[in-house]
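The values are calculated or read from the model by the stated rules, or taken from the named source; none is laboratory data. Remember, it's a predicted structure, so these values are computed and weren't measured experimentally. Because the Cβ atoms are built from the backbone with ideal geometry, glycine has one as well, and the counts that use them run over all protein chains shown.
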Amino acid sequence: MTRRRLMLGGAIFLTLAAVLAWALLRGRPDEAQAAPATTATVTLATIRRVELPEVISAYGVVQADALGAQTIASPKAAIVSRVLVRAGESVAAGQPLVELANAPGAQMAFNQAESAARFAQADLARVQRLHEAQLAANDQLLAARKADADAQAALAAQQKQGAGRALQVMVAAKAGVVTSLSVAAGDHVAQDAPMLVLAHLDGAVVKLGLEPGGRVAVGQKAMIYPVFGAPLIASRITMVGRAADPVSKTLDAIVPLNGANLPIGSAVRGEVTTATHSGFLAPRAAVVFDETGPHIFVVSRGKARRVFVGVGLDQGDQIEVKGQVAPGDQVAVEGAYELQDGMAVKVRGK
């Protein structure tokens, strides 16, 4: 009896174990039917190898080039009768700038030169008559001719300076901008005293302030960006200073504006291309920046592979990437921040 009960209990136990094992096996999900694989929908772009410019940015101002500016000076001792322009004003070729009246001393000098010329001319005629009558020697005739020539030359110089005119108007030889004005009506000015500086419109340049120790050199390409939104100007560096400005401690670099009409004194930004190098470009949106470091996801055979990269030159909506990348690699752009290493991806539109 006892043996029979033991056998019955064993059978029941085995049955229960089998039922439990079947239930456990049924409750365990099949690996192929576990949770559906996680996927993300992305757009793709291609890594490109290009020649990238190495650019230095600097700020500066538009100024008159010393080689393209004209200083208007008084041709004689004079009194400024009228000033016909203002500092900063644009003027056309031939436009009146300053009106001058003779100073008393200049008028006296002209009167003396005119009188000396008349006397020398009359004396030469007298000596010639005497010489023809053999009453004057050759050396006397030569001396009279020289005195007359000297007197006429002195009078011509006075007339060229405008001394014979009551009023003299100084005009612009070329179109330009009045960059400085140092006289006013009523001022007494000496001969050759500067009155104003006229910067010719085709002679304006940009003076950029560069950090010492840079690689900027004459002949390098420079793009000038006016801060008030005018079209950019393509040019080249024509001069790099070797003496730092005592205030800003920067070096001056000169960039011609090639005839562009920018206001003198206006601020600009310059970008100088100092060299180029070969590099890889990717869309900026493809680079993921998080606590692990910048990385991209290279997509191949429907899988995303995380590649850590360094970033280099900024090219607007493109950026240089450095690392284990190659030209032609397909990288995730839109949707990149949703990816994880090894995640399956679906390309939008496919």
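Any chance the range 138-146 includes a residue that's within 29 Å of ALA77 (Cα to Cα) and touching a residue at least 12 places away in the same chain (Cβ under 8 Å)? No: zero hits. Among ALA282, ALA275, ALA336, ALA344, which is the only one that is of a type in the set (Gly, Ala, Ser) and in contact with a helix residue (DSSP H, G or I) (Cβ under 6 Å, 6 or more places away or on another chain)? The unique qualifying residue is ALA336. Can you find even one residue in the range 58-67 that is of a type in the set (Asp, Glu) and modelled with pLDDT under 90? Yes, the range 58-67 contains at least one residue that is of a type in the set (Asp, Glu) and modelled with pLDDT under 90.
For the range 118-214, the strands (runs of 3 or more DSSP E) that sit wholly inside it and include 1 or more residues that are closer than 30 Å to LEU232 by Cα are 176-181, 194-200, 204-210. For ALA190, are the conditions met, namely being in contact (Cβ under 8 Å) with a residue 40 or more places away in the chain, surrounded by fewer than 19 Cβ atoms within 10 Å (Cβ to Cβ) and under 30 Å from GLY94 (Cβ atoms)? Here the answer is yes, as ALA190 does meet what is asked.
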